[in-house]
Amino acid sequence: MQYPINVYRSVFTDNIAQANKRISELSYSYAWPNVIEEIQSFPDMVNTCKFPTNNSEPAKLYTPLHQAANGRAQKNVFEELLKLGASKTLKTAKGETAYDIAKRLGMSEDILKLIEVPEEVTKNYEEIQKMEKGLHDVIKERVESLITKNGQALPQLAYLYEFGEFYYPVPGMYGGFSVSRHEKGIQAESWIRVCGGSGQRHVIDRNGNVTLDAEGFC
């Protein structure tokens, strides 16, 4: 599964940037039948967030599910978004999940139960935070200049515990990072497709310690 990256709008092709704009604008205006229709046409964008235009407009990282909570949508809206693959674990730039927003706004228990963060994430929260920092260190060590150039949000590791292995592409890298579970914690394999032997495998243990496990593969 590909991680829903958030970058400057100019990084993506026009059709993707325009689809993101439509979904974001419809979500922010709470036009849910239209949001669902757009996501059905672009299913990979169910967890998309409004792309910033430059660094003066920081990404807020509100997915359609966050906006459904923010707009006190009806239960069927949450059900439809979840059916399409909406993430319960992704957080806004303020650190809130859709559940956090809905709870803060006093939404009903049946909706809260529907969008509750999976238990595996909550019970392993501290370990996930430590490993996430290690993963971010690995990414920045390899491609920090591209992350900055793209205005790219770093991945939230809870996504792995919700959906399983994910691929985090980095535009301009001609490759990216494949993140999966490991007996010691997680592992991140990264490579540059146009550069033979560029592969690296890092293992990040549950305390966030990073080890270069292998390198030189394609």
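What follows draws every value from the coordinates through simple rules; no lab data is involved. Remember, it's a predicted structure, so these values are computed and weren't measured experimentally. Because the Cβ atoms are built from the backbone with ideal geometry, glycine has one as well, and the counts that use them run over all protein chains shown.
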Checklist entry - Check Asp213: other-chain or 5+ apart residues with amide H under 5 Å from its amide H, H built from backbone geometry? => result Arg201, His202, Val203
Checklist outcome for this item: Toy charge model, Lys and Arg Cβ at +1, Asp and Glu Cβ at -1: region 62-218 dipole around Cα centroid in debye, rounded to 20, equals 400
Checklist entry - Just from the alpha-carbon atoms, what are the Rg and Dmax of the chain in angstroms? => result 17.6, 54
Item to check | Kirkwood Rh and Cα Rg combined as Rg over Rh, evaluated for region 9-117 | outcome: 0.96
Checklist entry - Can you list, largest first and rounded to whole Å, the semi-axes you get for region 52-167 by taking the square root of 5 times each eigenvalue of its Cα gyration tensor? => result 27, 18, 12
Checklist entry - Which order do His136, His202, His66 fall in if you start with the one that has the fewest other Cβ atoms within 10 Å? => result His136, His202, His66
Next on the checklist: Semi-axes of the equivalent ellipsoid for region 125-217, please: Cα gyration tensor eigenvalues, times 5, square-rooted, ordered largest first, whole Å.
Outcome noted: 20, 15, 11
Item to check | Interchain or long-range residues, amide H under 5 Å from Phe166's placed H | outcome: Val179
Checklist entry - Between their Cα atoms, which of Lys60/Lys103; Lys60/Lys88; Lys50/Lys130 are more than 21 Å away from each other? => result Lys50/Lys130
Next on the checklist: Under 25 °C and 0.890 mPa s, how fast does region 60-119 diffuse according to Stokes-Einstein, given a Kirkwood radius computed over C-alpha pairs? Answer in µm²/s, whole number.
Outcome noted: 222
Item to check | Residue-wise HN-Hα coupling along region 91-105, computed from phi with Karplus coefficients 6.51, -1.76, 1.60 (Hz; x: Gly, Pro) | outcome: 10, 6, 4, 8, x, 10, 7, 4, 4, 4, 5, 4, 5, 4, 8
Item to check | Note, ³J(HN,Hα) from phi for region 28-44, Karplus 6.51, -1.76, 1.60, rounded to Hz, x at Gly and Pro | outcome: 5, 9, 6, 8, 5, x, 6, 4, 4, 5, 5, 5, 4, 7, 10, x, 6
Checklist entry - Across region 146-156, in residue order, what do the Karplus-derived ³J(HN,Hα) couplings come to in whole Hz, using 6.51 cos²θ - 1.76 cosθ + 1.60 with θ = phi - 60° and x for Gly and Pro? => result 6, 4, 5, 4, 7, x, 8, 6, 6, x, 9
